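Undergrad: This is the structure I have questions about; it appears just below.
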Amino acid sequence: MEKKVELYTDGACSGNPGPGGYGAILTYNGREKELVGGEEITTNNRMELTAVIVGLEALKEPCNVTVYSDSKYVVDAMNEGWAEKWHDNNWMRNSKEPALNPDLWEQLLGLSMEHDVTFVWVKGHAGHPQNERCDKLATGYIEQLKKEMQRV
């Protein structure tokens with residue numbers, strides 16, 4: 001019987017591209033684990049994807065995971081099968097447009113095959129406690145990055 005895990009995620013960026021951060025909260029059996037990080041130059045969508053990837057990578061065994069994200073980009077691409085289609089089409093969205101972030105989509109598709117993953121969209125900045133906490137983790141990391149970058 002696979003463990004049932006909830007993964008709440010959010011990504012943020014100051015400027016797009018610019019300094020970015022992500023936050024993820026894993027919950028299992030009444031316990032929570034927070035994950036946070038980011039990059040000096042990135043995009044909001046890359047941070048949204050990275051939050052999910054980092055959360056899934058933190059799992060030590062195959063699990064039944066419900067991912068909650070306020071990113072339609074992530075949720076729709078996975079639920080509608082777009083990411084798989086891009087992969088099958090050599091990372092092209094259509095005959096002329098390349099899919100963005102193929103490196104991260106490749107990772108997410110692989111991790112999604114290791115776990116039983118369901119993606120659920122939640123409205124951002126609407127008072128959802130874990131989504132709000134993930135946003136604070138992501139934006140807090142950006143502020144920390146900006147301070148460090150000013151010192152250099």
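Undergrad: Go through His125, Asn29, Gly110 and say which Cα lies farthest out towards the positive end of the charge dipole of the stretch 15-152; charges sit on Cβ, +1 for Lys and Arg, -1 for Asp and Glu.
TA: Most positive-ward Cα: His125.
Undergrad: Can you pull out the trypsin sites (Lys or Arg not before Pro) in the stretch 1-61 whose DSSP state is coil and whose Cβ has at most 11 other Cβ atoms within 10 Å?
TA: Sites meeting the loop and neighbour criteria: Lys60.
Undergrad: Rounded, prolate or oblate: pick one for the chain, where a ≥ b ≥ c are the square roots of the eigenvalues of its C-alpha gyration tensor, a/c under 1.5 means rounded, and failing that, prolate if a/b is larger than b/c, else oblate.
TA: Oblate shape, in that a/c is at least 1.5 and b/c is the bigger or equal ratio.
Undergrad: So what is the relative contact order for the chain, in percent, with contacts set as C-alpha pairs under 8 Å and at least six apart?
TA: 32 percent
Undergrad: Quick one: grab the alpha carbon gyration tensor of the stretch 39-92, order the square roots of its eigenvalues as a ≥ b ≥ c, and give me rounded if a/c is under 1.5, else prolate or oblate depending on whether a/b is larger than b/c.
TA: Cα axes put the stretch 39-92 in the oblate bin.
Undergrad: Quick check: net charge around Trp121, other residues with Cβ under 11 Å of its Cβ, Lys/Arg +1 and Asp/Glu -1? Walk me through the numbers before you get to the answer.
TA: Details: positive: Lys72, Lys123; negative: Asp70, Asp76.
Within the 11 Å Cβ shell, the charges total 0.
Undergrad: Calculate for the chain the 222 nm mean residue ellipticity that helices alone would give, adding -39,500 (n - 2.57) per DSSP H run of length 4 or more and normalising by residue count, nearest 500 deg cm²/dmol.
TA: It lands at -13500 deg cm²/dmol.
Undergrad: With all protein chains present, calculate the accessible area of Trp121 using a 1.4 Å probe and round the result to the nearest 10 Å².
TA: Surface open to solvent at Trp121 totals about 110 Å².
Undergrad: So, one more: Once amide H atoms are built 1.01 Å from N in the peptide plane, which residues 5 or more positions from Arg93, or in another chain, come under 5 Å H to H?
TA: Amide H neighbours of Arg93: Ala99.
Undergrad: Suppose every Lys and Arg Cβ carries +1 and every Asp and Glu Cβ carries -1, with no other charges. What dipole size does the chain come out with about its Cα centre, to the nearest 20 debye?
TA: That gives the chain a dipole magnitude of about 340 debye.
The values are calculated or read from the model by the stated rules, or taken from the named source; none is laboratory data. Computed from a prediction, not measured in an experiment: that's the story for all the values here. Heads up, the Cβs are rebuilt from the backbone with ideal geometry, glycines too, and the neighbour counts pull from every protein chain shown. Heavy atoms of the whole protein, side chains included, go into the accessibility calculation; ligands, DNA and RNA do not. Shrake-Rupley method; radii C 1.70, N 1.55, O 1.52, S 1.80 Å.
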